[in-house]
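Colleague: Structure incoming, see below.
The values are calculated or read from the model by the stated rules, or taken from the named source; none is laboratory data. It should be emphasised that the depicted structure is a prediction, and the values quoted were computed from it without experimental measurement. Using ideal geometry, Cβ is built from the backbone for each residue, glycine included, and neighbour counts are taken over all protein chains shown. Heavy atoms of the whole protein, side chains included, go into the accessibility calculation; ligands, DNA and RNA do not. Shrake-Rupley method; radii C 1.70, N 1.55, O 1.52, S 1.80 Å.
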Amino acid sequence: KTQSMLIFKQTKSNSGATTAVRELAAHDVLTQFEVPVKALDMLFPEESIGFIKIDVEGMDTAVLEGAVDIMRRCKPSIYIEVSSETIDEISTLLKKYDYSIYFVKDDLKHICQDIDRSITWGNLLAVSSEKAHLLSSVLKQ
């Protein structure tokens, strides 16, 4: 829960994208820089948070780990982009804090509880289990 630094890289293979990384593969790096990082729990220690959208190119688990107090205290709905590499870890973490998880297809046109693990990238909607019945009733229509 302390402030830290996060390394970002711009790669030769995709110079238009900047990605946060834990380690650098030197052969592929065009530029790199560090950015100070604070956990959401540090930024919003007492505020009531109802919704969180996360799209952080592979660092989604770190964002969730920095929002554990918010998830416990406020139980916000969470819309999160995931990759095939992070989907299981994120699902496990969200379930640990009593969230029901829905896979979102086609930009909210289709929402289902069956998670498509064949994806490269996708989106999940996590709703606290105490609110899940509201979404479940909408999905049945």
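Colleague: How far apart, in nm, are the 7 Å Cα→Cβ label points at R73 and F44?
Modeller: Those two pseudo-labels are separated by 1.1 nm.
Colleague: Going by accessible area, probe 1.4 Å, with all protein chains left in place, what is the ranking of D98, D60, largest first? Present the calculation step by step, with values, prior to reporting the outcome.
Modeller: On the way: D98 95, D60 0 Å².
The residues order as D98, D60, largest area first.
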